[in-house]
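What follows draws every value from the coordinates through simple rules; no lab data is involved. Because the structure is a prediction, the values reported are computed rather than measured. Every residue, glycine among them, receives a Cβ derived from its backbone with ideal geometry; neighbour counts consider all protein chains shown.
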Amino acid sequence: MGPTYGYPQIMISRAAYGRVGNLPFAIANWISTLGWFSVNAIIGGYIINYIDPAIPLYAAILITVLTQFIIALFGYDIIHRSEYVLSIVLGIMFAVSLALSLSKPHLLNTYARNTSFNPFNFAIALATVFSYIMSWGGPYASDYSRYLPESTSRLKIITYAALGGLLASLWSEAVGFAVSAATGNTSGLPTVLVQFMGSYGMAYAIIAVIALFLGALAANVLNIYTNSLSALAIYNRARRWQALVAGAVVGTLMAVLGGLNFVGYYEGFLLFLDYWITPWIGILLVMFYVNRTRDWKLVENGPKVIWKALLAYIIGLLISVPFMNLDAATGGLIPFIGPVANALGGADISYFVSFIAASLIYLIYS
């Protein structure tokens, strides 16, 4: 959608929901990007704290945030250049990690023999993988494609973006699984990789430390940049540097608090993403590919509220409620497990239901 409209993704959403109707999604995306920012800030903080335990976790998080903020402040061009270099460096570093973990097949076999299928855990894993890739392919997408020529092949954009997301995610997930199986440590903490690599010597531990810190850096530069664009979609009189500062401050506070229980914070946050993004994406896809609504003027001068889209979103979300497991998503703060989720052993598939329901309702009535 980026080359067609020439706007960031959350602003393009106005074409579907209206200038005012889009505000709840801009706010939700601002919160979501802060959530991602805080998650990666925690990872960077853990790594610095692991290297030097004398540095408190909150101070380590501040160091991480400052580094990421400086790159994001320079904007679009420097982000593209830094991401290009980091993708090569990280690819090599994680290749070394994967090779070392696979060099111990007996540990992987032992892990496989002692593991049984659990539908709830599988649903959590599926939600984690799905929401990670979906969050890049949804509210972020056009932020980084909007400067491509309008004549750029949509098929090429989709293919390269999908392959980039698939290969990068599959690669890092394979490393995470292999290292976890090889060590028997399923805590999910970033330091597991460092400990595993360190067993081969200090040089390997340094590789792991650099890889994890740069990985957090690569992701968070995008998070805080998109966060600033979402803030401008909410209040367009602000300047981007002001939005960056505000996002960095709030995101840092979230990271310091979330760092107290990283794994629980991370899982709950990912499930939150699934709930609001999937029906939003479904309606945008119908608008663009089925209804072929591609007038960029709708972003600035379209209707204030497009009720058909908003109602389709709300109804689709309500239909998915019986499939939700809010108890897992909120760490027990909201003790609600829908009847369908309960019948599935706690597995939450509501995001698929809301995506399909909202898309079909919007398609029928638009």
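For the stretch 155-166, give me each residue that is in contact with a helix residue (DSSP H, G or I) (Cβ under 9 Å, 6 or more places away or on another chain) and free of Cβ contacts under 8 Å to residues at least 60 places away in the same chain.
First, pick out the residues of the stretch 155-166 that are in contact with a helix residue (DSSP H, G or I) (Cβ under 9 Å, 6 or more places away or on another chain): 157, 161-162, 164-166.
Passing the criteria: Ala161, Ala162, Gly164, Gly165, Leu166.
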Exercise for the section: Inspect all residues belonging to the stretch 146-168 and state whether any of them is touching a Phe, Trp or Tyr at 6+ places or on another chain (Cβ under 9 Å) and buried (at least 17 other Cβ atoms within 10 Å of the Cβ). Expected result: yes
Practice task
Inspect all residues belonging to the stretch 219-239 and state whether any of them is under 20 Å from the mean Cα position of the chain (by Cα), of a type in the set (Gly, Ala, Ser), under 24 Å from Ile47 (Cβ atoms) and assigned to a helix (DSSP H, G or I).
Solution key: yes
Completion exercise
Counting only residues in the stretch 123-139 that are β-branched (Val, Ile, Thr) and farther than 21 Å from Ala26 by Cα, the one surrounded by the fewest Cβ atoms within 10 Å (Cβ to Cβ) is identified as Val129
Problem - Filter result (buried (at least 18 other Cβ atoms within 10 Å of the Cβ), farther than 15 Å from Gly45 by Cα and touching a Phe, Trp or Tyr at 6+ places or on another chain (Cβ under 9 Å)) within the stretch 175-192 - result: Val175, Val179, Ser180, Ala181, Ala182, Thr183
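Yes/no per residue for (1) buried (at least 20 other Cβ atoms within 10 Å of the Cβ); (2) under 17 Å from Val250 (Cβ atoms); (3) in contact (Cβ under 8 Å) with a residue 60 or more places away in the chain; (4) out of contact with any helix residue (DSSP H, G or I) (no Cβ under 6 Å at 6 or more places or on another chain):
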{"residue": "Gly35", "(1), (2), (3), (4)": "yes, yes, yes, no"}
{"residue": "Asp52", "(1), (2), (3), (4)": "no, no, no, yes"}
{"residue": "Val65", "(1), (2), (3), (4)": "yes, yes, yes, no"}
{"residue": "Gln68", "(1), (2), (3), (4)": "yes, yes, yes, no"}
{"residue": "Ile79", "(1), (2), (3), (4)": "no, no, yes, no"}
{"residue": "Val85", "(1), (2), (3), (4)": "no, no, no, yes"}
{"residue": "Leu108", "(1), (2), (3), (4)": "no, no, yes, no"}
{"residue": "Tyr111", "(1), (2), (3), (4)": "no, no, yes, no"}
